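To start, the structure itself, in structure tokens.
The values are calculated or read from the model by the stated rules, or taken from the named source; none is laboratory data. As the structure is a computational prediction, the values presented were derived from the model and not from experiment. Ideal geometry is used to build each Cβ from the backbone, glycine not excepted, and the neighbour counts take in all protein chains shown. Ligands, DNA and RNA are stripped out before the accessible areas are found, and what is left, the full protein with its side chains, is counted by its heavy atoms. Shrake-Rupley method; radii C 1.70, N 1.55, O 1.52, S 1.80 Å.
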Amino acid sequence: MAKMLYQGHGSYRFTLDCGTVVYVDPFAGGGYSLPADLILVTHEHFDHNQVDKMPHRPGCRIVRGSEIAAALHRARQEGAPFSGNGFETEHRGVSILPVEACNKNHPIDECVGFVLRFDGVLFYTSGDTSTTEDMRNGSLANLHLDYAVFPVDGFYNMDIEEAGACAKLVQAKHSIPVHMVPMDNPEDPSRLFAPDKANAFAAPGKIVLRPGDELSL
């Protein structure tokens, strides 16, 4: 069974049954001792792109949203479908579908989220975002996601109410609030957890993870 380690802020790590190790938006907390096979960076803000925090296995791949976002946005404007549009990729047992991510602090041509498929699980890694067209038009809901994460800080991203509304649009079986406060001290991820926001997050199948918690998927 694959496992997710929530490192804090927008950072988490997946360990697959086959041993593949995937890091998403590395920055906060611990748990960087396992060598990476795949590193996903939703955008290039410093609290999401610390790709050298962990050792890299030979052949480790880094997928940067900044290298995908503009072309993906342009293709979608030109009528490319949500999936099957040529932007999907696969690496060591992980299928990667980039999707929209944007708000006033995160331009749509510089940022993405990812839908990941591994070990029979569909996981939506939203990145920093507010409500997107992919949420509004049902594209994400139609995937029948197992898990989805949503930023809830209300400063750089949407607030807790909008995040709950997005979770209802996405309709994942389980929704997880992350990125709860504006960046503070990455060496003390407990300061990046806001119990009041976690409790207020109203979403289907809510799961609350504190930094350092591990979840069996």
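According to a simple spin-label model (label point 7 Å from Cα along Cα-to-Cβ), what is the distance in nm between PHE155 and GLU78?
Spacing of the two 7 Å Cα→Cβ label points: 4.0 nm.
Taking the alpha-carbon centroid of each part, what is the distance from region 2-48 to region 78-142 in angstrom?
17
Tell me, what is the per residue accessible area of region 1-55 in Å², probe radius 1.4 Å?
29
Modelling each spin label as a point 7 Å along the Cα-to-Cβ direction, I'd like the SER95/ALA71 distance in nm, to one decimal.
In this crude label model, SER95 to ALA71 measures out at 2.1 nm.
Any lysines with Cα under 30 Å of the LYS104 Cα? List them, leaving off those in the same chain fewer than 8 positions away.
List returned: LYS53, LYS168, LYS173, LYS197, LYS206.
Hey, got a sec? Which trypsin sites (Lys or Arg not before Pro) in region 1-105 land in a DSSP loop and have at most 11 other Cβ atoms within 10 Å?
Passing sites in region 1-105 are LYS104.
Please list SER130, SER66 in order of solvent-accessible area, largest first, computed with a 1.4 Å probe with all protein chains present.
SER66, SER130
Could you state the orientation-averaged shadow area of the convex hull built on the Cα atoms of region 128-214, in nm² to one decimal?
Value for region 128-214: 5.3 nm².
Where nothing but the Cβ of Lys and Arg (+1) and of Asp and Glu (-1) is charged, how large is the charge dipole of region 75-130 around its Cα centre, in debye to the nearest 20?
The calculation lands at about 100 debye.
Under a 10 Å cutoff between Cα atoms, tell me which one of VAL63, VAL178, VAL149 has the largest fluctuation in the Gaussian network model of the chain.
Comparing VAL63, VAL178, VAL149 in the GNM, the peak value goes to VAL63.
Rounded to a whole number, what % of the accessible area of region 1-156 do carbon and sulfur atoms account for, probe 1.4 Å?
It is 49 percent, rounded to a whole number.
Would you compute the Debye intensity of region 36-152 from its alpha-carbon atoms alone, equal scatterers and no solvent, and pass along log10 I(q)/I(0) at q = 0.21 Å⁻¹ to two decimals?
-1.30
Could you do me a favour and compute the accessible area per residue for region 94-170, 1.4 Å probe, result in Å²?
Counting only protein heavy atoms, the per-residue value for region 94-170 is 33 Å².
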